[in-house]
Amino acid sequence: MKINKFIFISTLSLSIFSANAAQMADVITAYNNKNYEQALVEFKKFARTGNPVAQRYLGLMHEDGKGVIENAALAASWYRKAADNEDIEAQFRLAELYRLGHGVPQDERYAAIWYRKAADKGHVPALIQLKKIPYAFVGNAQDKKQVVTWYRQIAEQGSITAQIEMGDLYTLGDGPRRAEGIRSDDGQALAWYQKAAEQGNAAAQVKLGLIYENDSEVPSNQVKAMFWYRKAAEQGDAEGQFKLGSSYHSKWANAMLSPEKLKEPDDLVQAVHWYKKAAMQNYIEAQNQLGIIYTRGDLPDENAQAEYWFRKAAEQGDDEAQAKIGAMYMLGRGVPKDDTLAIYWLKKSATQNNSSAQLMLADKYMKGKGVTKDEVQAAYWYQQVATRMDSSRVQLILADMYMNGRGVEKNLEQAIAWYRKAAGTSCVAASCLEAQSKLSDLYKEGHGVPQNFTQAKSLHSKAVTQGGNEASLKLKEIASSLASTSSKQELPYIKEAEQGNPVAQFNLATLYDTGEVLAQNDTQAMIWYRKAAEQGHAKAQFKLGTMYMKGRGASPNDTNAANWFIKSAEQGDVEAQVMLSMLYVIGLGVPIDKERAEFWHRKASNRDSTEIK
């Protein structure tokens, strides 16, 4: 009989529960149909019995002012009742109120408590918010691993958000998330992104495409990358459209660079097609790319289109587009020349710290072209450029301005400091060579620096070995005078070279290399270039690479040449960067690598460049 009684009670409870569930569903339907008055009455009945769903809905109604006067404090009270009854959504909503300070004092500690309660039950938005609170885990590695465990469990249940987060964790594993116990693993990242992508998530499809396109640990597969970019693009995802356009654009550009590849004109048409779809959604990068394509004249009827798309990006505040459209009006390129509009756009870009715009603006004020000449304004903008760009031309201009008191107070100490920056340790730019020559004159005359003939000779020597004609004449006069009265051992830089001075070693190598003053000798040039190169002299490293490439002073060795070019390029030598870019394109001494070629090309191009690209 006891068993039968138990069965009877259980059956009765189940019946009551089913009836209550059906009634609750009716109330929720009334709420969804905006019949808030009826819903309010019924939710209150259920809430008094401790029903957490009804308590949560009452909180929602008071938070949003649906059927009642908006009251965040009452909303918090109802959410707390439901949260205490283990309602996950109420726990999340209560945490949100604590985070924002709505109806309760703002307190991230309480927010973290309630987020964590919801996260423990697999609530993905709560987990995401929890990770944004800096001290939620107090740096505890075990707690951080728990976050990963939560995401994995939720992801395995099919949550797209969690699957993407798992992919991100494996993509960024060697970065700030390293303490969470995950190392970067593109295979794992790909697997998680694919799960989300196959559920139709556009963001995951783009991320999956990026791995196929770029990641070194997964074989590059342009076809698969474009497949997933297209999936996202056809859903209207702006980033997917941009990446698909970029893929077509890269195919077309690669065919242009590689004569053996068949150029498909349709690739550029397709690139423009998808760029335009993204651009119409105000995707700035797509707007800029359209402007660049039309500026280059790769398609007919382009100049007006270039201005249109650059303007679209510029009006959204993009500093690169503002600089480009300013340059178009300044040069009259594709649009009527208009100095007023040029200055307008250049100023907008320059105030966002765009160095190219700042330089163009400074030049206009310095020369008084299209604007009233104003050397104070010119000096200001040159100073802004100099803080962000290592430009010997700008540094030389500032040095001359301080030397002569133009646009700034005359200041010999500042002038010398800028001449030194412009002179550098090795260079090929005319402005750098001019700075070396001017600094040499100051040492020779003892003007602003202690008179030092040795330093003057050294600077002239550096200038001639790097291409300075005026300095070459001066150095020849000095060297010829020394050579006519003494042995070569008395040349000032030979002793310094033998004592290990890398600049002197480079200068000596150059004289052996060119046959100036000393008899031309490739073997000796090779020896001294190597000595300087091994001490980190960037220009000597470049020269040593060149000698290996040409087989001068040693047998030709493309691999050795490339290795020295890499060392020089990594120190910022522009000639080495240009050479390295070419080597990666043709695969000489290094594997063919489009990305590295583009990387070094950008490195070289970003110096002193104000041309629209």
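Just so you know, all these numbers are worked out from the coordinates, no wet-lab data involved. Because the structure is a prediction, the values reported are computed rather than measured. In this analysis, Cβ positions are derived from the backbone assuming ideal geometry, glycine residues included, and neighbour counts consider all displayed protein chains.
List of remarks:
- Greater than 29 Å apart at Cα, pairs in K121/K243; K66/K207; K550/K594; K251/K276; K195/K243: K121/K243; K66/K207
- Per the Debye formula on identical point scatterers at the alpha carbon atoms of segment 522-582, with no solvent, log10 I(q)/I(0) at q = 0.17, 0.21, 0.22, 0.24 Å⁻¹ is -0.44, -0.68, -0.74, -0.87.
- Summed residue charge, Cβ within 13 Å of W192's Cβ, Lys/Arg positive, Asp/Glu negative: -3
- Spin-label model distance (nm) - N35 vs N353, 7 Å beyond Cα toward Cβ: 5.9
- Cβ-Cβ FRET estimate between S555 and V269, R0 fixed at 35 Å, reported to 0.05: 0.10
- Here r is the Cβ-Cβ distance between T523 and E595 and R0 is 30 Å; the resulting FRET efficiency, rounded to 0.05, is 0.20.
- Taking Lys and Arg as +1 and Asp and Glu as -1, the other residues whose beta-carbon sits under 9 Å from that of G326 total +3.
- Theoretical gain in end-to-end length, D107 to K337 [0.36 nm per residue, Cα-Cα removed]: 77.0 nm
- Rounded FRET efficiency, nearest 0.05, which uses the C-beta distance separating Q499 from R152 and R0 of 41 Å: 0.05
- Gain upon complete extension [Q23, H447; 0.36 nm per residue less C-alpha separation]: 143.0 nm
- The convex hull defined by the C-alpha atoms of segment 302-441 has an orientation-averaged projected area of 8.8 nm².
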